[in-house]
1. Looking only at the range 51-77, count how many residues are surrounded by fewer than 16 Cβ atoms within 10 Å (Cβ to Cβ) and within 17 Å of residue 16 (Cβ to Cβ).
2. Would you pick out the residues in the range 44-70 that are touching a residue at least 40 places away in the same chain (Cβ under 8 Å), under 20 Å from residue 7 (Cβ atoms) and in contact with a strand residue (DSSP E or B) (Cβ under 8 Å, 6 or more places away or on another chain)?
3. Residues in the range 15-34 that are farther than 13 Å from residue 99 by Cα and in a loop (DSSP other than H, G, I, E, B): how many?
4. Could you tell me whether any residue of the range 80-99 is touching a strand residue (DSSP E or B) at 6+ places or on another chain (Cβ under 8 Å) and within 27 Å of residue 2 (Cβ to Cβ)?
5. Can you tell me which residue in the range 29-39 is farthest from the chain's Cα centre (by Cα), limited to those that are at negative phi and crowded, with 17+ Cβ neighbours inside 10 Å?
6. Scan the range 19-28 for residues that are surrounded by fewer than 21 Cβ atoms within 10 Å (Cβ to Cβ) and touching a helix residue (DSSP H, G or I) at 6+ places or on another chain (Cβ under 7 Å) and report the count.
7. Over 21 Å from residue 101 (Cα atoms), in a loop (DSSP other than H, G, I, E, B) and out of contact with any helix residue (DSSP H, G or I) (no Cβ under 7 Å at 6 or more places or on another chain), is that true of residue 74?
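Read the figures in this text as sums done on the coordinates, not as results from a lab. None of these values were measured; they are calculated from a predicted model. Don't worry about glycine lacking a Cβ; one is built from the backbone with ideal geometry, like all the others, and counts go over all protein chains shown.
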């Protein structure tokens, strides 16, 4: 597994219930500030294998990025079940629900190069 992928998986695993992170936020912490699409790929291909809480990852607007109605609804219900509230039925207030891990919350130093 590539170092970026390993870091991203570690970060996603650590998102606590009732909190969310954005694709770009995870990418930046994992060492690739422009790697949001890579995080999407990791979630798509590795969520089941690594038991990732994929539903806690949303886009920078605070919205669910999934286009498929079934998965959109599933993610919405999972987040609501953890106490995450949506304004207008579709947007998470990132100021309230976004998780910002500190260096001690991660198994690596996010300031070191990938």
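1. Residues meeting the conditions: 1.
2. Within the range 44-70, 56, 57 qualify.
3. Total satisfying the criteria: 4.
4. Yes: the range 80-99 contains one or more residues that are touching a strand residue (DSSP E or B) at 6+ places or on another chain (Cβ under 8 Å) and within 27 Å of residue 2 (Cβ to Cβ).
5. Among them, the one singled out is 32.
6. 2
7. Criteria not met by residue 74.
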